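Single-structure report; data block below.
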Amino acid sequence: MQKVRIPVTLNPARCSQRHLRYEGILPSKVLKRVNGISAGDCKDLDVSVECGVDVQGIVYLSGKAVTELTLICQRCMEPVKIPVAVEFAFSPVTDDSQIDELPDAYEPVELDENGEVQLHQIIEDEVLLAFPIVPGHDNDSCNMASRDMSVGKIAAPKPADERPKNPFAVLDTLKRN
Ligand SMILES: [Zn+2]
């Protein structure tokens, strides 16, 4: 499927009848709130969205968004890339009574005065919710962890490979004396 730009808004009443599906890109620069609290701009989002009517007759808007955040590792204070994938399932509502009736599988999403959903905005909301509480590198790639390791090395007994490689070298020195 050809990659398209994910529309800014979507009309669920119209889209659900045609069972619309999008597979596309949401440019990073759109996500101002996400980038504003990150150490660098996130990657362009790979998004898939589908709009339809389920077996219960409920209009839904579901999909997935994948990106990579640039945050600050809370151990070494250097930037760290954190992959993030969010899945969502919304159902448009117009008033509170509809929210009460909505099955748990769906999150309510408000329609604006034109009957449209702010698609970019709700995807960004989901990404914001997916931020790690304490971002950090893996042990293998964290500067702080490697520093810990070198401290450990100094304190540890001499590793085996630091013994003279060639036992005859010792004999040579003895001979020379
Ligand atoms: Zn780190």
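The values are calculated or read from the model by the stated rules, or taken from the named source; none is laboratory data. Computed from a prediction, not measured in an experiment: that's the story for all the values here. All Cβ positions, even for glycine, are placed from backbone atoms using ideal geometry, and neighbour counts span all protein chains on display.
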Item checked: Subset of segment 124-144 [within 16 Å of the ligand (Cβ to nearest atom) and either among the acidic types (Asp, Glu) or not in a loop (DSSP other than H, G, I, E, B) (or both)] -> ASP138, ASP140, ASN143, MET144
Margin query: Can you confirm whether THR9 is surrounded by fewer than 16 Cβ atoms within 10 Å (Cβ to Cβ) and over 23 Å from the mean Cα position of the chain (by Cα)?
Written below: no
Next item on the list: Please name all residue pairs, on different chains or six or more residues apart, with Cβ atoms under 8 Å, provided the first residue is in segment 130-143 and is closer than 11 Å to VAL80 by Cβ and the second residue is among the aliphatic types (A, V, I, L, M) and more than 13 Å from the ligand (Cβ to nearest atom).
Entry: PRO135/LEU69
Next item on the list: Please work out which one of (1) surrounded by 17 or more Cβ atoms within 10 Å (Cβ to Cβ); (2) at pLDDT 95 or above is the condition ARG33 fails and give its number.
Entry: (1)
Check: Which residue, of GLN121, GLN56, is over 28 Å from ARG5 (Cβ atoms) and more than 16 Å from the ligand (Cβ to nearest atom)?
Finding: GLN56
Next item on the list: Please state which of the following conditions ALA39 fails to meet, knowing it meets all the rest: (1) farther than 21 Å from PHE131 by Cα; (2) surrounded by fewer than 17 Cβ atoms within 10 Å (Cβ to Cβ); (3) touching a Leu at 6+ places or on another chain (Cβ under 8 Å).
Entry: (1)
Item checked: Matching option when the condition is away from the ligand (no atom under 16 Å from the Cβ), under 22 Å from VAL4 (Cα atoms) and in contact with a Cys (Cβ under 6 Å, 6 or more places away or on another chain), among LEU45, LEU61 -> LEU61
Checklist line | Matching residues, segment 84-102, being closer than 16 Å to ILE123 by Cβ and either within 16 Å of the ligand (Cβ to nearest atom) or surrounded by fewer than 17 Cβ atoms within 10 Å (Cβ to Cβ) (or both) | finding: ALA85, GLU87, ALA89
Next item on the list: Return a yes/no flag: does segment 17-24 have any residue that is closer than 30 Å to GLN98 by Cβ, in contact with a His (Cβ under 8 Å, 6 or more places away or on another chain), of a type in the set (A, V, I, L, M) and surrounded by 13 or more Cβ atoms within 10 Å (Cβ to Cβ).
Entry: no
